[in-house]
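Read the structure below first, then the notes.
The values are calculated or read from the model by the stated rules, or taken from the named source; none is laboratory data. Because the structure is a prediction, the values reported are computed rather than measured. All Cβ positions, even for glycine, are placed from backbone atoms using ideal geometry, and neighbour counts span all protein chains on display. Side chains included, ligands, DNA and RNA excluded: accessible areas come from the protein's heavy atoms. Shrake-Rupley method; radii C 1.70, N 1.55, O 1.52, S 1.80 Å.
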Amino acid sequence: MAEKDWKECLKSLKGVVLDMCGVLYDSGEGGGIPIPGSVEAVKRLKASDLQLRFCTNETQATRERFVAKLKRMGFDISVSEVFSPAPAALAILKERNLRPHLLVHDDVLPEFEDVEKTDPNCVVIGDAADRFSYQNLNDAFQVLIQLEKPVLFSLGRGRYYKETDGLKLDVGVYMKALEYACDVEAEVVGKPAPMFFQSVLTDMGIQPQQALMIGDDLINDVGGAQNCGMRGLQVRTGKYRINHNHANTECSAITRMPPSCSSHHSAGDSAYI
């Protein structure tokens, strides 16, 4: 996008939505490390007249623990500003009177304390990390395959994400395995689901065209936002790979952020929009 077009975009901008892992920090041993300049970028955004929210597919911890970790890194952030899949999934389970079999990380289990889990009639899968064993996947498969109408919820559908020691497989890989085995299509809770983005927009009280999503995932962050009518910007940090990420026909590649947008660019000096 040309600098003139960027300026036009900024004129109508009322809110910014930030992805977290890969944009603000890289996860890993010890909780991870902030990406250089990201703490200061959040401070600048909060000092502006723009609304700011954080939208993540993080499912290895409760929002409270996740926010506490980011605060230790120096970020100015509160739980009410963070939108993540587990609380959204819990609301769906309660609304539809579903009893989940959970294949999720141990640290996110507290998010599901208030829902009945005996005699499960659906499966919820998240980024379970080391809990993605053959036995645990097979247990989830057996629950689904015995149901007349299998119901599978996936907390995001990412292919991989970046930690400090390299790329890691994400929940989408295991979601696809269960979809294939059970001939079922998962209901995705989290990015890129339109309802997830809409919940953030509703909270800010703005229209999609007034919001900018910034993330490192071209499909789930940028693409998901654009499908909802938002602007989408991809940073060249986190999982970004120059040979694997290409702008679609609605995006144009730029090699450097226009100076007028520098206050909205949390990391890296180039992006797709």
Add +1 for every Lys or Arg and -1 for every Asp or Glu among the other residues with Cβ under 12 Å from the Cβ of Val123, and state the total. -1
Using amide H atoms built in the peptide plane, which far-off residues or other-chain residues are under 5 Å from Lys191 H to H? none
For the range 103-162, what does the relative contact order come out to in percent, with C-alpha contacts under 8 Å and a separation of six or more? 42 percent
Put +1 on the Cβ of each Lys and Arg and -1 on the Cβ of each Asp and Glu in the range 124-196; which of Thr164, Gln146, Phe132 then has its Cα farthest toward the positive end of the dipole? Thr164
Of every hundred units of 1.4 Å-probe accessible area on the range 1-103, the number belonging to carbon and sulfur atoms, as a percent, is 49 percent
According to the square roots a ≥ b ≥ c of the eigenvalues of the Cα gyration tensor, what is the shape class of the range 54-144, taking rounded for a/c under 1.5, prolate for a/b larger than b/c otherwise, and oblate for the remainder? oblate
Could you give the nm distance between label points at Glu113 and Leu147, where each point is 7 Å from its Cα heading toward the beta carbon? 2.5 nm
Please identify the GluC sites (Glu not before Pro) of the range 105-148 that satisfy two criteria: DSSP loop assignment and at most 14 other Cβ atoms within 10 Å. Which are they? Glu113, Glu116, Glu148
Pairwise centroid distance, computed over Cα atoms, of the range 71-135 with the range 202-239, Å: 23 Å
Flagged as over-length at 31 Å C-alpha distance, from Lys69/Lys239; Lys46/Lys191; Lys11/Lys69; Lys117/Lys176; Lys43/Lys94; Lys14/Lys149, the pairs are Lys11/Lys69; Lys43/Lys94; Lys14/Lys149
Accessible area in square angstrom per residue, the range 72-200, 1.4 angstrom probe: 51 Å²
